[in-house]
Every structure is written in C-alpha cells, then in structure tokens.
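Down below is the structure, laid out as structure tokens.
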Amino acid sequence: MVKQKRTLRWVDWVYLFTMGSQLIYIIFYLEQLINRPTENAGLAFAILQVVAGLIIATLPILIERFMPYRFPEILYAVYLAFVYCSILLGTGLHFYSRFIYWDKFLHVLSAGLLAGLGYTIFNILISKQQRQTMSALLMSLFSLTFGSTVGILWEFYEFTGDHFLGLNMQRFMVGGKLLQGQAALVDTMGDLLADVLGSLLISVIGYYCIKYNRDWLDKLRFTKK
C-alpha cells in the first residue's frame, strides 16, 4: 500500500520559519560565545532560552502525535508568533529592554490567543446542533472571561515568584530601588489591562463573526487527522 504524502499546511511554514530563525540565532551567537566567552558571558542564558523556545514551539506537534486530532491552525500560528516574539525577539534580541511596551504587546497577544482558545473550549462543550442556536454573546463572554482570567492567574504566578524567590517579575523594583505607592502597581495593572484588551478584541471580533456566520467557529475547532 502506497503511503499518502503529507502536504504542508500554511501553519507548517510558520513553524519552519520560527524554528529556522531560532536555529540561526543559536548558531550565530554560540560561535561568538565560544570564540569570546569573557566578552559574551550573558549570552549563555539567552541561548539556553532560545533552545527552550525550539522545544516550546514543537510541543503542539508532539502532543498531536498522541491524539487523533490537530490543533486549530490559526491558534497554533498565533502560539508560534508568541513564542517567536517573546523568546527570540524579547529575550534573544533584547526587545524587552529596547522597546518599553514590548511586554504589554505580548500580554495583548497572549490574551488574544487565550480568548481564541476559549472559543475552542466552548466548541468542545457544546454539540454542533447547540452551536447553531447558542447565543453569540454568551460564547463571546466566555471567550473574554477565559482569556482575562488566565491573565489574572499569571499575575498570581508572578507575585508568588517575587514573594518567595525574590524575583522582580512584577517590576516593583527599578535599579535595586523599591517603588512606592502607585508606581509599584503600574506594571501589574498595565499587564492586567493589556490582558483584558487582548481578550476583548478577540471576543468582539468573534461575536460579529459568529453572529453573521456560525461556520466561522470551525476555524477554532480541533480537526481529525
């Protein structure tokens, strides 16, 4: 029996671009680290994070091997974009320090991804028949709530790390100096606002798409292999 040749989807090209970019970074900067280790001491951590990015980007593919379904292509593409922007650009190329609102942009992007995942979860919980009559507003509110809630849980995680491990993920300290009053809350409140805005954007788009075309939800469903 001749095995059918698998064609590449558009999201597979996004994956190959993400992986290729990270590999180029690793090879280029690893050579610098080996040749001039004393001048590039900080590079080792960045390279390790980009290597971790290769694994993180591949996780959905590995998970798919153990289940008969594929992740929604558009969500996987946004996931890859988030990995690319946060790990390669953010950490590897120092976009966090070069662009003051880079972290907020990533919060908007991740919240949008989670809101889209909210629609996927809603798709799983209801039947195809229910989907035809279910309120578009209810589905969009679930998407908004899901994306925003995960953002809140992430802030709990950052607070826990700061409190018990002495980290500074919530940016309550600048240059070793503790911020006071509202200044200490700006980063956290900005992150939460970005989470809500990202979730709201996708939920509003989803609302109008569902209202005028129920089949739009098929873009956010798990598909059989």
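Placing +1 on the Cβ of every Lys and Arg and -1 on the Cβ of every Asp and Glu, with nothing else charged, gives segment 149-212 a dipole about its Cα centre of roughly 140 debye.
Residues whose amide H lies under 5 Å from that of L167, counting only those 5 or more places away or on a different chain, are D162; hydrogens are built 1.01 Å from N in the peptide plane. Taking amide H as placed 1.01 Å from N in the peptide plane, M173 has its amide H under 5 Å from the amide H of L179, each at least 5 places away in sequence or on another chain. Put a plus charge on the Cβ of each Lys and Arg, a minus charge on the Cβ of each Asp and Glu, and nothing anywhere else: the dipole of the chain about its Cα centre is then about 1100 debye.
Okay, helix-only estimate at 222 nm for the chain: each DSSP H run of n ≥ 4 adds -39500 (n - 2.57), divide by all residues, round to 500 deg cm²/dmol; what do you get?
-22500 deg cm²/dmol
Could you tell me the ratio Rg/Rh of segment 1-132? Both radii from Cα atoms, Rh via Kirkwood. Walk me through the intermediate numbers first.
Numbers: Rg = 18.4 Å, Rh = 17.0 Å.
Answer for segment 1-132: 1.08.
For K104, K177, what's the largest-to-smallest order of accessible area, 1.4 Å probe? If you can, show how the numbers build up before the last one.
Values: K104 45, K177 145 Å².
So the residues, ranked largest to smallest area, are K177, K104.
Which whole-number percentage describes the relative contact order of the chain, with Cα contacts under 8 Å and a sequence gap of 6 or more?
Values: 235 pairs, mean separation 56.3, N = 225.
Rounded, it is 25 percent for the chain.
Exactly which chymotrypsin sites (Phe, Trp or Tyr not before Pro) in segment 67-112 are in a DSSP loop and have at most 12 other Cβ atoms within 10 Å? The qualifying sites are Y101. Taking a ≥ b ≥ c as the square roots of the eigenvalues of the Cα gyration tensor, the chain is oblate, since a/c reaches 1.5 or more and a/b is not larger than b/c. Highest-first packing order for the peptide set 48-54, 151-157 is 48-54, 151-157, based on the mean count of other beta carbon atoms within 10 Å.
Quote to one decimal, in nm, the extra length available between I56 and L193 on full extension: 0.36 nm per residue of separation minus the C-alpha distance between them.
Details: separation 137, 0.36 × 137 = 49.32 nm, distance 2.62 nm.
Gain in length upon complete extension: 46.7 nm.
Here I63 sits with roughly 80 square angstrom of accessible surface, probe radius 1.4 Å.
Compared with the dominant Cα axis of the chain, that is its longest principal axis, helix 136-165 is turned about 20°. For segment 26-179, the solvent-accessible area of protein heavy atoms averages 59 Å² per residue (probe radius 1.4 Å; ligands and nucleic acids excluded). Please label the shape of segment 144-225 as rounded, prolate or oblate, based on the square roots a ≥ b ≥ c of the eigenvalues of the alpha-carbon gyration tensor (a/c under 1.5 means rounded; beyond that, a/b larger than b/c means prolate, else oblate). Taking the square roots of the gyration eigenvalues as a ≥ b ≥ c, segment 144-225 is prolate. Ligands, DNA and RNA left out, the 1.4 Å accessible surface of segment 80-204 is 74% carbon and sulfur atoms. Label-to-label distance for F17 and K225 is 2.7 nm, based on points extended 7 Å past Cα in the beta-carbon direction.
The values are calculated or read from the model by the stated rules, or taken from the named source; none is laboratory data. Since this is a predicted model, take the numbers as computed values, not measurements. So basically every Cβ, Gly included, is an ideal-geometry build from the backbone, and we count neighbours across all protein chains shown. Accessible surface is based on the protein model in full, side chains and every heavy atom, while ligands, DNA and RNA are left aside. Shrake-Rupley method; radii C 1.70, N 1.55, O 1.52, S 1.80 Å.
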